[in-house]
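Student: Here it is, the structure in full.
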Amino acid sequence: MGNERGFEPGSAEDRAWLQALVRRANGGDSEALAGVREFLDRNPQVGRAIAGMGARVEKAWVRRIACDDVLVAESLAREADRLRAELLGDSPTATVRLLVDQVVVSLLELRYRQLEASMPSVAAKGETAKQAARLDSAHRRHIHALKTLEVVRGLKRKSRRAKAPL
Amino acid sequence: MGWVKKGGAAPVYVRTVRVEGRRVTEYYGRGALARWAEERDEKARQERQAAQEARKAERLALATIERLTRDHELASRLATDAALLAAGYHRHDRGEWRRRRGQ
């Protein structure tokens, strides 16, 4: 699977394979845990590949929110970059970088949903409730991304002998 | 709406519209007025179709961004979970991440 040709985070099949491995490792399966470590050793490019996915998604949301307004697009991109720089801090690990990207992407999606929900006049009948649900979901995902980043930072601070850098 | 033939006479252009909840047929005859009505209806039909196609394209574009966002979210989460597990942590029943005993 992912180990033979290299893990592709954009592939649903590869993600499902890793998800199953992670689930077993988390459940205490020592063989699966060894598999997770081997996966990370053999796929150092995964962080960069996921960062690439994040960059594409980020651009897509910026274009979506800005429509054709170049000034709005530029402002949003700068806001995203500022937030990223603020959250990354000094010497961020690969995991922290992933999580910061997730915070930025989720914020952009939240911005879009806020914009969508603020235009009830263009909403079709029955669409308003769906928009509110999507806004709520985007808000929860953004909060979850922020919390996860804080949790990982907290674990890093507590850890004295981390087996792998967080 | 369209050209309607009755008996042996040449077709006439008709439109059916709703007036106060009732269906009413409008007759435009055969001449210039009929052709004008036909062109106007065709233009309106094309505009509705274009608007419908634009809305569909819009929905597809948004669905694509949403799918890519979910894919990125899942990939990030899996990579984070893998890093935490490799570092000796585990999470019980979606609770807090904790160090495994003996790690």
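The values are calculated or read from the model by the stated rules, or taken from the named source; none is laboratory data. Every value quoted in this text rests on a predicted model; they were computed, and no experiment measured them. FYI the Cβ positions are ideal-geometry reconstructions off the backbone, even for glycines, and counts take in every protein chain you see.
Student: If I filter the range A:28-46 for residues that are touching a strand residue (DSSP E or B) at 6+ places or on another chain (Cβ under 9 Å) and over 13 Å from B:A82 (Cα atoms), do I get at least one hit?
Tutor: Yes; the residues of the range A:28-46 include at least one that is touching a strand residue (DSSP E or B) at 6+ places or on another chain (Cβ under 9 Å) and over 13 Å from B:A82 (Cα atoms).
Student: Consider B:R77 against the criteria (1) farther than 24 Å from A:K156 by Cα; (2) among the basic types (K, R); (3) buried (at least 18 other Cβ atoms within 10 Å of the Cβ): it satisfies all of them except one. Which criterion is unmet?
Tutor: Tallying (1) farther than 24 Å from A:K156 by Cα; (2) among the basic types (K, R); (3) buried (at least 18 other Cβ atoms within 10 Å of the Cβ), B:R77 fails exactly one: (1).
Student: Got a sec? Which of B:A9, B:A57 is of a type in the set (A, V, I, L, M, F, W, C) and modelled with pLDDT of 90 or more?
Tutor: Numbers: B:A9 fails: modelled with pLDDT of 90 or more.
On inspection, the qualifying residue turns out to be B:A57.
Student: Then there is this: What about A:R37, is it among the charged types (D, E, K, R), buried (at least 16 other Cβ atoms within 10 Å of the Cβ) and closer than 17 Å to B:Y89 by Cβ? Full working, then the answer.
Tutor: Working: among the charged types (D, E, K, R): yes; buried (at least 16 other Cβ atoms within 10 Å of the Cβ): yes; closer than 17 Å to B:Y89 by Cβ: yes.
Spelling it out, A:R37 is indeed among the charged types (D, E, K, R), buried (at least 16 other Cβ atoms within 10 Å of the Cβ) and closer than 17 Å to B:Y89 by Cβ.
Student: Is it true that A:R140 is basic (K, R) and modelled with pLDDT of 90 or more? Walk me through how you get there before you give the answer.
Tutor: Numbers: basic (K, R): yes; modelled with pLDDT of 90 or more: yes.
Yes.
Student: Ok, one more. Within the group A:K147, A:K158, A:K163, A:K130, which residue is modelled with pLDDT under 95 and more than 30 Å from A:A94 (Cβ to Cβ)? Talk me through it step by step, then tell me what you get.
Tutor: Details: A:K147 fails: more than 30 Å from A:A94 (Cβ to Cβ); A:K158 fails: more than 30 Å from A:A94 (Cβ to Cβ); A:K163 fails: more than 30 Å from A:A94 (Cβ to Cβ).
Exactly one residue qualifies, and that residue is A:K130.
Student: Name the residue, out of A:V104, A:V96, that is touching a residue at least 40 places away in the same chain (Cβ under 8 Å), under 30 Å from B:D93 (Cα atoms) and more than 10 Å from chain B (Cβ to nearest Cβ).
Tutor: On the way: A:V96 fails: more than 10 Å from chain B (Cβ to nearest Cβ).
A:V104 is the lone residue from the list that is touching a residue at least 40 places away in the same chain (Cβ under 8 Å), under 30 Å from B:D93 (Cα atoms) and more than 10 Å from chain B (Cβ to nearest Cβ).
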